[in-house]
Amino acid sequence: MEKTIIKCPFSCQRERLTIRGHIFRQAAAEGKKPAIILSHGFLGDEAPLSHYAEVMVKIGYTAVTFDFNGGGPKSTSSGNSIDMTVLTEKEDLLAVVKYISSLEDIDSENISLMGFSQGGFVSALAAAQLKDRIKKLILFFPALCIPDHARQGKMMLMTFDPENPPPLICQDPMPVGRNYALTAQKLDPYKEISGFEGETFIIHGTADKAVNVEYSRKARSIYKKLVYKEIEGAGHGFTGADDEAAIRAVTDFCKLAE
């Protein structure tokens, strides 16, 4: 029987900023459920993640999507995109974890993170800080390239002098401030993510032009409990048969004990 899914809005605070998103639950579910929190990528928002959230609900999770503060042109959360960095997004995610863990119908000892692209890097950073408070970490084409690209002065749509980034390193489709680059330049991504020792899943397309698959291949030495999968010929973001293969792999990894 197909499970009925209820989607409800939520909000929580990170300092004076309001983070907004949605919680996906099984209708008439009883008892405490494990939760999985999904994080979108650069210039993104929560909307495209509904697809994955619903998949997670069908296998027994309560799923959470949200917009990072200043994380994309369509973000419904507070905050200015000029102030956004991977570290402010990590703080946003930590605030969401804290809020979700406090809900009466959530098993606070069974919280997992799923991140996409920049949201994958951010999820890995948060997991490294929270350590055994996170059950599983799922990374879709994680943008571990961000620090290297910041040091090169070439980040996605942005080209700038890495030694002296201008106040705005991007204006369209949204303003991005120099601190986005300066913060990333100081990070060693593999050192920063190395604190998490729990079950980890990484999936990446071999034809990804935004985040070279070599960044995920290098991460294999970081995670000791790793399931690693590449999708041959897939780019940055999965569609069609590639998406179906990714869903099969991630649901197998995330499936709950009967």
With the dipole of segment 48-179 defined by +1 on each Lys or Arg Cβ and -1 on each Asp or Glu Cβ, the option from 158, 171, 95 whose Cα lies farthest towards the positive pole is 158
Quick calc, the chain, dipole around Cα centre from Cβ unit charges on Lys, Arg (+) and Asp, Glu (-), nearest 20 debye, gives 380 debye
Taking 0.36 nm per residue of separation between residue 28 and residue 7 and subtracting their Cα-Cα distance, the length gained on full extension comes to 6.3 nm
Taking only protein heavy atoms and a 1.4 Å probe, the highest-to-lowest accessible-area order of 125, 256 is 256, 125
Burial-style ranking of 219-230, 45-56, average other-beta-carbon count within 10 Å with highest first, yields 45-56, 219-230
For segment 81-137, averaging the sequence separation of alpha carbon pairs under 8 Å that lie six or more residues apart and dividing by its residue count, the contact order in percent is 37 percent
A chain fully extended from residue 94 to residue 232 at 0.36 nm per residue, minus the present Cα-Cα distance, gains in nm 46.4 nm
Checked against a 23 Å limit on the C-alpha separation, the offending pairs among 191/225; 58/131; 7/98; 90/131; 90/229; 3/32 are 58/131; 90/229
Per-residue accessible area, 1.4 Å probe, largest first, puts 58, 218 in the order 218, 58
The relative contact order of the chain, taking Cα pairs under 8 Å that sit 6 or more residues apart, comes to a percentage of 16 percent
With the 8 Å Cα cutoff and a minimum separation of six or more residues, segment 81-217 has a relative contact order in percent of 30 percent
Amide H neighbours of residue 39 at under 5 Å, excluding residues fewer than 5 places away on the same chain, with H built from the backbone geometry, are 114, 115, 116
With the convex hull built on the alpha-carbon atoms of segment 6-144, volume per residue in Å³ sits at 93 Å³
On the accessible surface of the chain, probed at 1.4 Å with all protein chains in place, carbon and sulfur together account for a percent value of 48 percent
Spelling it out for residue 227: with amide H atoms placed in the peptide plane at 1.01 Å from N, the residues 5 or more places away or on another chain with amide H under 5 Å from its amide H are 200, 201, 202
With -39,500 (n - 2.57) per DSSP H segment of 4 or more residues and division by the full residue count of the chain, the 222 nm estimate, nearest 500 deg cm²/dmol, is -9000 deg cm²/dmol
Taking alpha-carbon centroids only, segment 121-199 lies from segment 82-106 a number of Å equal to 16 Å
The value for segment 134-257 (convex hull of the alpha-carbon atoms, volume per residue, Å³) is 123 Å³
Log entry: pair-distance distribution for the chain, C-alpha pairs binned every 10 Å from zero, whole % per bin is 7, 32, 38, 19, 3, 0
Computed over segment 3-102, protein heavy atoms only, probe 1.4 angstrom, the accessible area per residue in square angstrom equals 41 Å²
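The values are calculated or read from the model by the stated rules, or taken from the named source; none is laboratory data. Computed from a predicted structure; not experimentally measured. Virtual Cβ from ideal backbone geometry, glycine too; neighbours counted across all protein chains shown. The protein model used for the area step is the full one, side chains on, heavy atoms only, and it has no ligands, DNA or RNA in it. Shrake-Rupley method; radii C 1.70, N 1.55, O 1.52, S 1.80 Å.
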